[in-house]
1. For the range 5-23, how many residues meet the condition of being under 11 Å from the mean Cα position of the chain (by Cα), open to solvent by 10 Å² or more (accessible area, probe 1.4 Å) and small (Gly, Ala, Ser)?
2. Hey, can you tell me all the residues within the range 24-52 that are of a type in the set (Phe, Trp, Tyr) and either open to solvent by 10 Å² or more (accessible area, probe 1.4 Å) or modelled with pLDDT under 75 (or both)?
3. Is it the case, given these coordinates, that GLY133 is at pLDDT 80 or above, open to solvent by less than 70 Å² (accessible area, probe 1.4 Å) and over 16 Å from THR115 (Cβ atoms)?
4. Restricting to the range 151-178, give me the number of residues that are more than 30 Å from LEU60 (Cβ to Cβ) and modelled with pLDDT of 80 or more.
5. How many of the residues making up the range 164-203 are part of a helix (DSSP H, G or I), among the charged types (D, E, K, R) and either free of Cβ contacts under 8 Å to residues at least 40 places away in the same chain or open to solvent by less than 50 Å² (accessible area, probe 1.4 Å) (or both)?
6. Is it fair to say PHE91 is open to solvent by 30 Å² or more (accessible area, probe 1.4 Å), at pLDDT 90 or above and at negative phi?
7. Any idea how many residues of the range 205-214 are surrounded by 19 or more Cβ atoms within 10 Å (Cβ to Cβ) and either closer than 21 Å to VAL239 by Cβ or among the acidic types (Asp, Glu) (or both)?
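The values are calculated or read from the model by the stated rules, or taken from the named source; none is laboratory data. Computed from a prediction, not measured in an experiment: that's the story for all the values here. Glycine also receives a Cβ, built like all others from the backbone with ideal geometry; neighbour counts cover every protein chain displayed. When the accessible area is computed, the model is the full protein with side chains, heavy atoms only, and any ligands, DNA or RNA have been set aside. Shrake-Rupley method; radii C 1.70, N 1.55, O 1.52, S 1.80 Å.
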Amino acid sequence: MKKSSLSGALLLSLGALIWGTAFVAQSLGMEHTGPCAFNAARSFVGSLALLPVVFVGDRLRRRMVTNQGQLAAFSWKNPALWAGGALCGLFLSAATLLQQAGLLYTTAGKAGFLTSLYIVIVPVLGIFLGRRGGARLWCAVALALAGAYLLSVAGESFGIQVGDSLVLGCAVFFSFHILVIDRFSPKVDCVKLSCIQFAAAGLISAAVAVILERESFTWGGLFSSWGPMLYAGVLSSGVAYTLQIIAQRRLDPAAASLIMSLESVFAAVSGWLVLGQPLSLREMAGCGLVFAGVVLAQLPEKKRAADAPEAERP
C-alpha cells in the first residue's frame, strides 16, 4: 500500500471509530428534541468548531506557500469550494434526516444494515463513472456486507416496510456524498469544504424542522441535549467528517466506503466495553468479516507483466 493511501486509511478508520462511538450521544439527544432540530444544531456546532481551524490554517499557509496558484485553490473565493460544500451539505442532510425518520418505523438493527448498503452502492455507481473495481474489491464488498448483516439483522424478519425504504434512501444519499467528496476534495481546502457542508446541512435541517417540528420544538429541550449535541457536533460532525474529506483525497471511493463500514464494528465493540452489552458469537463473526473485507481491499495490487517496466520483464 502506498504511504499516502495508508495514512488516508488510518484517518478514515479514526473517523469510523468516532461515528461508531457517537451512537449513544445521538440516541440521548433525541430524548429532548426532534431529529431535524438535533441534526440542525449538531451541524451548526460542527461548522462553528471548524472556524478556528480554518483561521489557523490560513495563517500558516500564507507563511509557508508562495505559489499564488496554490493559494487561490485554498481561498474562500474558489468557486469549486462553494459548489462542493453546497452539494456535500445537501446529500449529508438528506441522508441523516432520512435515517432519523426511518428509525421511527424500523429497528436499529435493520437500519444499520440498510445504511451499510453504501458499501455496494458506491462501487456500482463508480462503474458508471469509469471506476471499474477488480475481483478483489468485489470480494471485499461481499465480506463486509455479510459482516454487516450478521452484526445488524440476522435473526430478524426482513420485509421491506416504510421505515426500511427511508433508510435505503439514506444509503443512496450517503453514497452520493462519498462520490461528491471524491470529486471536490482534491481541488479545495478540505477543512473549509467541511465547514461549508455543515453550514449548508444545518440550514436545510433547520428549514425541515420549521416545517415538521414547529409544534414540538422548544429551546429548553434543545439546551437539555447540549452534552450529546456537543459530542455529535464537534467530534462526529466537525472532526470525523473532516477526516473523511481529507482521507478521500488519498483513497478510491469504493475503498473508502469499505473502511467507513468499520463504524458498525466500533459501535458494537464500544457498546460491549462502555455499556456492558456483550457481543454474541454471531456479532463477533460479523465484526471479523467486516474487518477482513476492509483489510482485503487495502492490500497492495500485484503488478501485471503487461504493466511492468521493460527492464523488469523476462
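1. Of the residues in that region, 1 qualify.
2. The one that is of a type in the set (Phe, Trp, Tyr) and either open to solvent by 10 Å² or more (accessible area, probe 1.4 Å) or modelled with pLDDT under 75 (or both): PHE44.
3. On the way: at pLDDT 80 or above: no; open to solvent by less than 70 Å² (accessible area, probe 1.4 Å): yes; over 16 Å from THR115 (Cβ atoms): yes.
In short, no.
4. To start, the set of residues in the range 151-178 that are more than 30 Å from LEU60 (Cβ to Cβ) comprises 151-176.
Next, only the ones that are modelled with pLDDT of 80 or more stay: 165-176.
The qualifying residues number 12.
5. In the first step, residues of the range 164-203 are kept if they are part of a helix (DSSP H, G or I); the result is 164-187, 190-203.
Checking the rest, the ones that are also among the charged types (D, E, K, R) come to 164, 182-183, 187, 192.
Remaining after also requiring either free of Cβ contacts under 8 Å to residues at least 40 places away in the same chain or open to solvent by less than 50 Å² (accessible area, probe 1.4 Å) (or both): 164, 182, 192.
The qualifying residues number 3.
6. Details: open to solvent by 30 Å² or more (accessible area, probe 1.4 Å): yes; at pLDDT 90 or above: yes; at negative phi: yes.
It is true that PHE91 is open to solvent by 30 Å² or more (accessible area, probe 1.4 Å), at pLDDT 90 or above and at negative phi.
7. The number of residues fulfilling the criteria is 1.
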